[in-house]
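What follows is calculated from the coordinates using simple rules that are stated; it is not laboratory data. Quantities reported herein were computed from a predicted structural model and do not represent experimental measurements. Here Cβ is always computed from backbone atoms with ideal geometry, including for glycine, and neighbour counts include all displayed protein chains.
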Amino acid sequence: MASTSRGDALPKVQCPNHPDALLVEDYRAGDMICPECGLVVGDRVIDVGSEWRTFTNEKATKDPSRVGDAQNPLLNGGDLTTMISKGTGAASFDEFGNSKYQNRRTMSSSDRAMLNAFKEISTMADRINLPRNIIDRTNNLFKQVYEQKSLKGRSNDAIASACLYIACRQEGVPRTFKEICAVSRISKKEIGRCFKLILKALETSVDLITTGDFMSRFCSNLGLPKQVQMAATHIARKAVELDLVPGRSPISVAAAAIYMASQASAEKKTQKEIGDIAGVADVTIRQSYRLIYPRAADLFPLDFKFDTPVDKLPQL
């Protein structure tokens with residue numbers, strides 16, 4: 001007989017003789033089977049997936065899936081809605097030619113708004129190659145904010161963009177406001193406002209961003225070798241430890257460190273090239289570079305192989 005664990009919010013089906021065994025699901029019979037002893041732990045298990053798959057290379061014009069997509073727990077109705085196809089016979093229309101059956105009430109307005117926001121989040125994440133776990137976290141954040149109704153008057157696109165920014169920082173892969181702004185239709189200022197309001201509404205926080213959060217991605221996009229990346233990381237970290245860049249953003253410090261490391265190596269990059277990748281202006285890089293240049297000799301790692309000596313670096 002199947003036993004259940006009441007420690008969790010939902011009962012957990014497990015074998016009474018082998019509670020640690022991973023049960024095997026027989027989709028055809030709907031049974032949950034213990035792989036150790038063969039005991040049928042659960043029967044008539046409901047498969048919430050689609051009835052069958054639709055392959056994109058098939059030339060059929062009609063979708064054979066009659067039961068719709070898999071369940072979406074983020075929607076209030078569980079996405080178990082019924083869609084009525086457009087009628088073709090005379091019985092489908094009234095005497096005035098209007099369709100008798102309509103889909104107007106199959107989905108609530110709140111679910112429709114959330115579904116549109118989820119599509120926008122997925123589109124934005126695809127444009128900057130973000131993984132699925134960040135999309136899921138963003139969707140959950142948006143659902144919490146939407147249900148609280150704490151950001152009335154703000155557009156759903158702005159809230160979705162801010163939630164994506166928060167999810168990236170919480171998952172340890174932060175993106176800059178400019179990167180999020182580039183894939184959305186919302187201004188940087190509006191995303192920043194929603195970001196602060198969401199943190200306050202959800203009573204949550206995000207870790208402070210550091211120069212190391214962006215270094216590997218910026219150097220990779222610039223095509224710099226590993227030695228230059230390690231040197232730029234060391235320069236930025238030492239500059240922060242020595243308090244050479246007070247009040248400067250981590251992104252501008254990282255850009256200045258990359259510029260210094262590249263100028264000392266054979267793989268030299270201009271301020272404009274680095275600024276385009278980092279999303280900062282040339283003048284911002286110059287201001288941060290001037291702050292760290294006087295202590296350049298103390299910032300490089302000891303094993304760095306100089307192509308250009310420290311005293312020959314640009315002074316700007």
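Which FRET efficiency value, to the nearest 0.05, is calculated for GLU36 and ASN140 with the Förster distance at 51 angstrom and r the Cβ-Cβ distance?
About 0.90, to the nearest 0.05.
So for segment 211-312, averaging the separation of alpha carbon pairs under 8 Å that are six or more residues apart and normalising by length, what relative contact order in percent results?
For segment 211-312, the relative contact order is 32 percent.
Taking K and R as +1 and D and E as -1, what net charge do the other residues with C-beta under 15 Å from the C-beta of LEU151 add up to?
Around LEU151, the charge tally is +3.
What net charge do the residues around SER187 carry, taking every other residue with its C-beta under 13 Å from that of SER187, with Lys and Arg at +1 and Asp and Glu at -1?
Taking every other residue near SER187 into account, the sum is +4.
In debye to the nearest 20, how big a dipole does segment 109-202 give about its Cα centre with +1 on each Lys and Arg Cβ and -1 on each Asp and Glu Cβ?
360
Using label points projected 7 Å from each Cα along Cα→Cβ, tell me how many nm separate GLU147 and HIS18, to one decimal.
3.8
Report the net charge of residues surrounding ASP126, where surrounding means a beta-carbon distance below 13 angstrom and charges are Lys +1, Arg +1, Asp -1, Glu -1.
Overall, the nearby charge balance is +2.
Using the alpha-carbon centroid of each, what span in Å lies between segment 133-174 and segment 276-299?
Their Cα centres are 33 Å away from one another.
Let me know the volume per residue of the alpha-carbon convex hull for segment 211-312, in Å³.
Measuring per residue, one finds 84 Å³ for the Cα hull of segment 211-312.
Give, in nm to one decimal, the length gained when the segment between LYS119 and ILE209 is fully stretched (0.36 nm per residue of separation minus the Cα-Cα distance).
Working it through step by step, the gained length comes to 29.6 nm.
Spin-label point model (7 Å from Cα, Cβ direction): what's the SER108 to ARG290 distance in nm?
Each label point lies 7 Å from its Cα, and together they span 5.8 nm.
Can you pull the percent of Cα pairs in segment 109-202 with separation above 19 Å?
29
Among 203-213, 258-268, how do they line up by average Cβ neighbours within 10 Å per residue, starting with the highest?
Result, highest mean first: 258-268, 203-213.
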